[in-house]
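These notes are about the structure you will find just below.
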Amino acid sequence: MSQSHDNCISAISDRRILPSPQSPAPVFSWLRNRRRRKLLAAPFPAEWVGYLQTHVPHFTALDERERRRLYDDVRIFIAERHWEGCGSLKLTPEIQVAIAGQACMLTLGFDEGPELFRRAPTVLVYPAGYRAAEEQAIGDHMTLHGEAERLGEAWHRGPVVMSWEDARAGGTYAGDGHNLVFHEFAHVLDMLGGDSADGVPPLADRKMADEWRRVMERELARLHSAIRHRQRTLLDDYGAECETEFFAVATECFFDAPRDTRREYPELYDLLRRIYRQDPAARLERPEAKASAQSGPGTG
Ligand SMILES: [Zn+2]
């Protein structure tokens, strides 16, 4: 995440095809499905709707079918994860719904829904930015041990860690292209197909992945050039760190500021629209979305 030195994972994975969801053992699958049916049979808590309106960028632009789908996904996402408040943070339903709601926006276009986050079984939440041990290689033989300030990080088959202050800000200030939750869970999706993230998520077929790599390399070069010339861009400078960070930063813009992203990076937007199987800019332009946006947060 920008300003934060999150975990940049840049190893190359050669698996590009979306793996079919792991088939759990029949007994486990039966139990899980029974648990889910019970969970979703209860009405979605009214106060949770308020949390989604407050904390999920462009929630008010969702149509009725999408909202109902998000209600289900949020409950499954929360129930099937281990959550922990770190530092002095006391975890509340509002925090869980805010994070789950934002994360599940990324997978709204997929039948698998939050199942695509299965490799992130744990969410750790700090009240604000936190310090973490960090090692930095110096040359071939030396390692510098120290601490770094972080806002969030995503570990392969491990926890997603984030600052609540910044996760909350991402929902409150929708439309600026910055969103910590989108960023970290984009890393989780990127790591879905292999042992590491490489900026080419296994959500696309091979042809689309090749197209994405071509466009990403061009836009990365543009971003490097803009940074050299001290030009401000919608894509955060942090996206220039590596392909992995570029995908996460582009995902932030795509979901948080979709119309600006479409206008400034049309080819990038079109590929992300195909990769994520949803069109957030078009969603904002539906007449009913425009009407509800008058009272909702964010533009984009
Ligand atoms: Zn990152």
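Coordinate-derived values only; no laboratory data. Just so it is clear, the structure is predicted and the values come from calculations on it, not from any experiment. With ideal geometry, Cβ positions are generated from the backbone for all residues, glycine too; neighbour counts draw on all protein chains shown.
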What is the chain's relative contact order, in percent, from Cα pairs under 8 angstrom and six or more apart in sequence? 25 percent
Note down the Stokes-Einstein diffusion coefficient of the chain in µm²/s, whole number, using a Kirkwood radius over alpha carbon pairs, 25 °C, and 0.890 mPa s. 125 µm²/s
Taking springs between alpha-carbon atoms closer than 10 angstrom, which of A98, A137, A169 fluctuates most in the Gaussian network model of the chain? A137
Can you grab the distance from the C-alpha centre of region 211-252 to the C-alpha centre of region 91-132, Å, no decimals? 24 Å
Most fluctuating residue given options P57, P127, P114, as computed from a GNM of the chain linking Cα atoms under 10 Å: P127
Note: C86 to D195 extended length (0.36 nm per residue) minus current alpha-carbon separation gives 36.6 nm
Given the -39500 (n - 2.57) contribution per DSSP H run of 4+ residues, what per-residue ellipticity at 222 nm results for the chain, rounded to the nearest 500 deg cm²/dmol? -14500 deg cm²/dmol
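Between V27 and E135, what is the FRET efficiency for a Förster distance of 45 Å, r being their Cβ-Cβ separation, to the nearest 0.05?
So the FRET efficiency works out to roughly 0.60.
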Under 14 Å from the R218 label point (7 Å along Cα→beta-carbon), backbone N, region 247-280: 264-272
Take each of the peptides 152-160, 196-204, 44-52, average the number of other beta-carbon atoms within 10 Å over its residues, and list them starting from the highest. 196-204, 152-160, 44-52
Can you tell me which of 179-186, 238-245, 214-221, 277-284 comes out highest on packing, and rank the rest after it, using the mean Cβ neighbours within 10 Å? 179-186, 238-245, 277-284, 214-221
Compute a Gaussian network model of the chain, connecting alpha carbons closer than 10 Å, and tell me which residue from D256, D73, D270 fluctuates the most. D270
Gain on full stretching of the segment that runs from R35 to D63 - 0.36 nm per residue minus C-alpha separation: 7.4 nm
